[in-house]
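Peer 1: Please read through the structure below; I'll follow up with questions.
The values are calculated or read from the model by the stated rules, or taken from the named source; none is laboratory data. Worth saying up front: this structure is predicted, and the values here are computed from it rather than measured. All Cβ positions, even for glycine, are placed from backbone atoms using ideal geometry, and neighbour counts span all protein chains on display.
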Amino acid sequence: MDKLIITGGARLDGEIRISGAKNAALPILAATLLADGPVTVGNLPHLHDITTMIELFGRMGIEPVIDEKLAVEIDPRTIKTLVAPYELVKTMRASILVLGPMVARFGKAEVALPGGCAIGSRPVDLHIRGLEAMGAKIEVEGGYIKAEAPEGGLRGAHFFFDTVSVTGTENIMMAAALAKGRSVLQNAAREPEVVDLANFINAMGGKVQGAGTDTITIDGVERLDSAHYRVMPDRIETGTYLVAAAVTGGRVKVKDTDPTILEAVLEKLKEAGADLTTGEDWIELDMHGKRPKAVNLRTAPYPAFPTDMQAQFISLNAIAEGTGAVIETIFENRFMHVYEMHRMGAQIQVEGNTAIVTGVPALKGAPVMATDLRASASLVLSALVAEGDTLIDRIYHIDRGYECIEEKLQMLGAKIRRVPG
Ligand code: EPZ
């Protein structure tokens with residue numbers, strides 16, 4: 001397994017380009033299954049999760065065509081099997097996103113039940129109950145979700161999400177796009193990636209209204225047409241590189257992004273003492289050499305502070321002036337990075353879903369292990385500012401969500417290299 005070796009101490013300074021959003025690209029690729037013709041999706045990030053989704057399509061008989069600009073053309077009419085196999089689903093839970101489109105477009109689907117993952121049990125009961133509300137017959141047996149649309153296809157339905165679920169909202173929205181009649185989703189997720197998916201469905205001729213609010217109305221249509229769509233920028237990658245500059249007291253300008261989709265994160269960075277300027281598609285953060293100040297935060301569904309930025313802010317608090325409390329309300333086990341940071345000298349106490357972080361003047365480089373995607377990113381951030389070398393193992397977690405992370409950090413002046421394992 002590849003490893004990353006990082007020598008801390010460099011104050012980052014430079015500009016980088018932000019890639020397309022992984023968590024928009026995955027539902028949008030799944031939604032191409034709804035179309036009645038070829039669809040092209042551009043600005044896809046070069047990530048392992050994206051190749052896994054494309055590999056899943058290949059296994060179902062759809063041969064995506066990748067053009068010179070790395071846009072992917074998908075023609076769902078060539079599909080041969082409606083099964084998403086366990087050996088792929090177990091590597092990427094987001095494969096569950098093909099369930100709704102397949103039942104809506106082809107009348108049936110068999111998708112392996114995604115297991116839990118490092119950060120929590122990750123149930124999919126809301127995905128299942130939403131489809132059942134639309135008339136689907138669903139059995140879960142042998143580790144597979146077996147779903148079948150009723151005679152005449154899925155029917156529009158009212159569905160209330162008793163927990164805000166991003167991919168739950170996305171799965172049911174996609175299914176509703178081709179259902180008969182109107183669907184209303186209440187307590188829906190408001191994430192920008194949900195809005196990007198709705199815009200894509202509408203670009204194919206769908207009728208989705210209210211995405212970005214907690215009530216989304218979808219009027220089913222007979223068919224969805226070919227379209228070309230460009231995925232939105234990744235707000236979590238954006239936030240991660242801004243924190244990289246903040247922890248090292250440096251300066252970074254992130255381009256091809258959107259400052260309006262991570263306002264809760266920008267507010268916390270200002271509270272930590274960062275000097276922020278923004279333009280239509282860029283954000284510049286400058287610490288002017290200062291050490292950040294500790295911040296308190298509480299994760300919650302969008303537009304509140306995103307759980308996917310929690311680990312990165314634990315890294316910021318670990319070397320900040322003062323003490324910060326970080327409360328994780330979305331996932332039940334998302335503090336594993338804390339125990340790796342202890343190895344680097346971080347002063348962090350976990351009590352239930354709260355981590356109390358007392359900043360220290362310096363962390364010490366040490367061998368550590370990545371446990372999940374965002375935890376790995378937080379270990380990279382801590383290593384950038386630690387004294388000496390840090391060796392990060394199991395970095396396949398990082399490659400799932402951060403395109404070319406060492407090249408982008410090297411462009412900012414970091415001393416980081418990948419060691420093939
Ligand atoms: C999406 O996961 C993201 N993944 C996650 O990003 C992100 O952390 C999460 O939303 C929260 O923002 C993608 O978009 C591919 P949820 P998702 O359903 O949809 C409970 C990353 O790092 N729940 O919004 O799986 C669940 O247990 C990843 O890029 C149910 O109870 O998360 C959790 O407590 C990690 N029943 C809460 O809802 C369900 O059927 C929110 O989960 C579904 C979810």
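Peer 1: Would you please name the residue that is farthest from the ligand (Cβ to nearest atom), looking only at residues in region 173-189 that are in a loop (DSSP other than H, G, I, E, B) and surrounded by 21 or more Cβ atoms within 10 Å (Cβ to Cβ)?
Peer 2: Applying the filter and picking the extreme gives L178.
Peer 1: Considering only region 244-342, give the helices (runs of 4 or more DSSP H) lying wholly within it that have at least 3 residues that are at pLDDT 95 or above and within 16 Å of the ligand (Cβ to nearest atom).
Peer 2: Ranges flagged: 263-271, 310-318.
Peer 1: If you don't mind, there's one more thing I want to ask. Kindly list the number of the only condition in (1) over 18 Å from L88 (Cα atoms); (2) of a type outside the set (A, V, I, L, M, F, W, C); (3) without any contact (Cβ under 8 Å) to a residue 60 or more places away in the chain; (4) within 12 Å of the ligand (Cβ to nearest atom) that fails for R155.
Peer 2: It is condition (4) that R155 fails.
Peer 1: When residues of region 367-398 are filtered for being part of a helix (DSSP H, G or I) and away from the ligand (no atom under 13 Å from the Cβ), how many remain?
Peer 2: Within region 367-398, residues that are part of a helix (DSSP H, G or I) and away from the ligand (no atom under 13 Å from the Cβ) number 8.
Peer 1: Show the residue pairs that are 6+ apart or on different chains and have beta-carbon atoms under 9 Å apart, the first residue being within region 360-383 and modelled with pLDDT of 95 or more and among the charged types (D, E, K, R), the second being assigned to a helix (DSSP H, G or I) and within 12 Å of the ligand (Cβ to nearest atom).
Peer 2: Qualifying pairs under 9 Å: none.
Peer 1: Another one. Give me the pairs, please: first residue somewhere in region 13-29 and closer than 22 Å to A245 by Cβ and in contact (Cβ under 8 Å) with a residue 60 or more places away in the chain, second residue anywhere and surrounded by fewer than 24 Cβ atoms within 10 Å (Cβ to Cβ) and of a type in the set (K, R), beta-carbon distance under 7 Å, and either six or more positions apart or on two chains.
Peer 2: Note: pairs meeting the criteria are D13/R251; E15/K253; E15/K255; I16/K408; R17/K255; I18/K255.
Peer 1: I would also like to ask the following. Take D162 and decide whether it is crowded, with 24+ Cβ neighbours inside 10 Å, under 27 Å from R374 (Cα atoms), in contact (Cβ under 8 Å) with a residue 24 or more places away in the chain and within 13 Å of the ligand (Cβ to nearest atom).
Peer 2: no
Peer 1: Right, another one. Would you mind finding the one in A157, A149, A176 that is within 17 Å of L33 (Cα to Cα), in contact with a strand residue (DSSP E or B) (Cβ under 6 Å, 6 or more places away or on another chain) and aliphatic (A, V, I, L, M)?
Peer 2: Result of the check over A157, A149, A176: A176.
Peer 1: Restricting region 99-151 to residues that are buried (at least 18 other Cβ atoms within 10 Å of the Cβ) and of a type in the set (V, I, T), which is nearest to F335 (Cα to Cα)?
Peer 2: I119
Peer 1: Separate question: Please count how many residues of region 72-98 are of a type in the set (D, E, K, R) and either in contact with a strand residue (DSSP E or B) (Cβ under 6 Å, 6 or more places away or on another chain) or within 16 Å of the ligand (Cβ to nearest atom) (or both).
Peer 2: Matching residues across region 72-98 total 3.
Peer 1: Can I ask one more? Within region 216-229, track down each residue that is within 11 Å of S183 (Cβ to Cβ) and either under 24 Å from the mean Cα position of the chain (by Cα) or of a type in the set (V, I, T) (or both).
Peer 2: I216, T217, I218
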